[in-house]
Amino acid sequence: MKELVKSILTYRKNPVEFVRRVIGAEPDKIQSSILMSVAENPRTTVRSGHGVGKTTVMAWTMLWFLTCFPNAKIPCTAPTEHQLKDILWAEVAKWLNNSPLKNVLEWTKERVFFKGYDSTWFAVARTAAKPDALQGFHGENILFLIDEASGVRDELFQPVLGALTTEGARLLMAGNPTMISGFFAESHTTQADKYSAIKIDGRSSPRVTAESVQLIIDMFGEDSDAFRVRVAGEFPKAMPDSFISVAMIEACMKPSVNIEPKMSIDIGVDVARYGDDSSVIYGVFDKTYGKVLRELHKNDVMQVTGEVVNQLRFFNAEYPSIIPAVKIDCDGLGVGVYDRLNELVYSGEVKCNVFECHFGGRGGKLKCGDPIAFANNTGLMWGNVRQALQDKKLVLEENTALRQQLSNRKYTLNSAGEIALERKEDMKKRGVKSPDMGDALALALYEKQRGKAIMR
């Protein structure tokens with residue numbers, strides 16, 4: 001520790017050496033450039049692809065600033081508590097606990113502070129969901145750390161700009177460039193002359209594998225927003241991409257499909273009631289062949305249930321060895337169809353397995369190892385459709401409405417770099433019909449096991 005104290009003045013100007021000698025890590029070239037930018041500039045903004053080590057640099061920067069500047073104050077924020085506490089704060093704990101700094105710095109779930117100076121020399125976690133998250137911080141040695149900055153609302157930056165008028169104050173913000181407007185975007189475009197603006201293409205990072213880059217290219221193409229944001233560190237295009245391309249759909253559509261199942265019958269039921277939306281019953285046979293079985297307009301839930309039952313009676317008679325799986329969207333009126341169909345199954349009226357499904361559930365990845373996740377269950381289910389079409393494992397009966405619905409749904413990437421599909425409400429605002437057939441197809445391909453979603 002005596003050597004650390006003697007070297008403080010040197011480390012103030014060279015955080016790269018601080019990371020090497022005190023924290024015991026070896027920054028790569030990209031991480032070194034970010035560290036030196038913070039030491040040499042009052043404002044540093046970093047946009048990059050995914051997985052280049054931004055959060056690690058932020059953790060190192062916090063420990064450097066706390067150690068080398070007396071009475072340092074470091075307000076830290078991110079769009080979500082998960083990003084702030086589970087990722088950034090956990091990263092700080094990892095490096096702190098494996099270095100001699102644990103003798104002088106104390107880590108808690110809310111703060112990291114210089115021992116004996118917890119109220120005057122500290123870093124603090126403030127989730128950006130609170131409008132006053134970054135207000136009230138002033139001082140000679142102040143550093144604002146903003147992770148996933150593209151997802152932080154513009155009004156939260158106003159107190160930061162005020163505090164940065166103090167000599168010695170600094171800002172480091174970083175994130176995937178998911179939004180084409182806002183404070184973070186402007187720091188790389190119209191306001192770039194006021195910042196040390198750094199762009200990192202994931203292909204230039206030693207931490208990003210060629211395999212993960214190729215997976216995104218294979219899934220979405222090099223001209224897609226997914227590639228631009230998650231790999232190239234570029235802002236998305238002005239208009240969002242279609243999630244499923246017309247070419248992908250056309251390659252899998254045939255004038256008719258085989259409805260002589262040998263192994264399985266999967267039925268998706270998307271339930272509407274009155275209005276412009278349709279209730280759709282969609283069948284997928286042997287996990288391969290898809291066809292609209294019924295499209296209903298202005299029907300109540302009992303009438304929709306009756307149509308499902310008619311389909312089941314036909315399949316029960318024609319293919320008695322196969323027990324159909326019926327997946328019903330239960331976020332709204334579909335719960336009535338689900339309850340009534342269960343009653344009929346229990347009474348022996350029809351044979352099938354009935355599954356309660358929810359488009360609004362939590363998202364995730366289609367399979368382990370995927371480089372990109374979905375923001376919610378709608379994305380997962382449509383992602384499953386997209387993957388089946390891309391792999392040409394699904395044959396769809398020719399249907400103009402289905403073609404339009406599948407290709408008309410757009411996607412964006414949220415502040416966490418997850419794929420977020422366009423909401424139905426937003427589709428209607430731009431004059432596009434609700435994708436009821438697409439949802440019913442997604443339900444038919446959706447599988448559940450032990451209460452959890454399983455994507456095939």
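The values are calculated or read from the model by the stated rules, or taken from the named source; none is laboratory data. All values derive from a computational prediction rather than experimental measurement. So basically every Cβ, Gly included, is an ideal-geometry build from the backbone, and we count neighbours across all protein chains shown. These area figures cover heavy atoms from the full protein model, side chains too; ligands, DNA and RNA do not enter into them. Shrake-Rupley method; radii C 1.70, N 1.55, O 1.52, S 1.80 Å.
Can you tell me which residue among Lys291, Lys262, Lys287 is assigned to a strand (DSSP E or B), under 17 Å from Ala325 (Cβ atoms) and of a type in the set (Lys, Arg)? Even if it seems obvious, please write down each step before you answer.
Working: Lys262 fails: assigned to a strand (DSSP E or B); Lys287 fails: assigned to a strand (DSSP E or B).
That would be Lys291, the only listed residue that is assigned to a strand (DSSP E or B), under 17 Å from Ala325 (Cβ atoms) and of a type in the set (Lys, Arg).
Against the conditions (1) in a helix (DSSP H, G or I); (2) open to solvent by 50 Å² or more (accessible area, probe 1.4 Å); (3) without any contact (Cβ under 8 Å) to a residue 24 or more places away in the chain, where does Ser32 fall short? Just the number, please.
(2)
Looking at (1) open to solvent by 10 Å² or more (accessible area, probe 1.4 Å); (2) at pLDDT 90 or above; (3) within 31 Å of the chain's Cα centre (by Cα); (4) of a type outside the set (S, T, N, Q), find the lone condition where Ala39 falls short.
Exception for Ala39: condition (3).
Just one of the numbered conditions (1) touching a helix residue (DSSP H, G or I) at 6+ places or on another chain (Cβ under 8 Å); (2) over 28 Å from Asp225 (Cβ atoms) is not true of Leu164; which one?
Condition not satisfied by Leu164: (1).
Given Asp276, Asp300, which one is open to solvent by less than 50 Å² (accessible area, probe 1.4 Å), acidic (Asp, Glu) and out of contact with any Gly (no Cβ under 8 Å at 6 or more places or on another chain)?
Details: Asp276 fails: open to solvent by less than 50 Å² (accessible area, probe 1.4 Å).
The match here is Asp300.
What are the residues in region 388-414 that are open to solvent by 30 Å² or more (accessible area, probe 1.4 Å), in contact (Cβ under 8 Å) with a residue 24 or more places away in the chain and not basic (Lys, Arg), if any?
Gln390, Val395, Glu397, Glu398, Asn399, Ala401, Gln404, Asn408, Thr412, Asn414
Given the options Lys94, Lys85, name the one that is at pLDDT below 90, open to solvent by 20 Å² or more (accessible area, probe 1.4 Å), closer than 27 Å to Pro206 by Cα and in a helix (DSSP H, G or I). Break it down into steps so the answer makes sense when it comes.
Numbers: Lys94 fails: at pLDDT below 90.
None of the others qualify; the one that does is Lys85.
Look through region 305-356, keep the residues that are within 16 Å of Tyr282 (Cβ to Cβ), touching a Pro at 6+ places or on another chain (Cβ under 9 Å) and part of a helix (DSSP H, G or I), and return whichever of them is most open to solvent (accessible area, probe 1.4 Å).
Gln311
Which one is surrounded by the fewest Cβ atoms within 10 Å (Cβ to Cβ) among residues in region 135-150 that are of a type outside the set (A, V, I, L, M, F, W, C) and modelled with pLDDT of 85 or more?
Residue satisfying both the conditions and the ranking: Asn141.
Run down Thr56, Thr45 and say which single residue is under 31 Å from the mean Cα position of the chain (by Cα) and either closer than 25 Å to Ser119 by Cα or open to solvent by 10 Å² or more (accessible area, probe 1.4 Å) (or both).
Thr56
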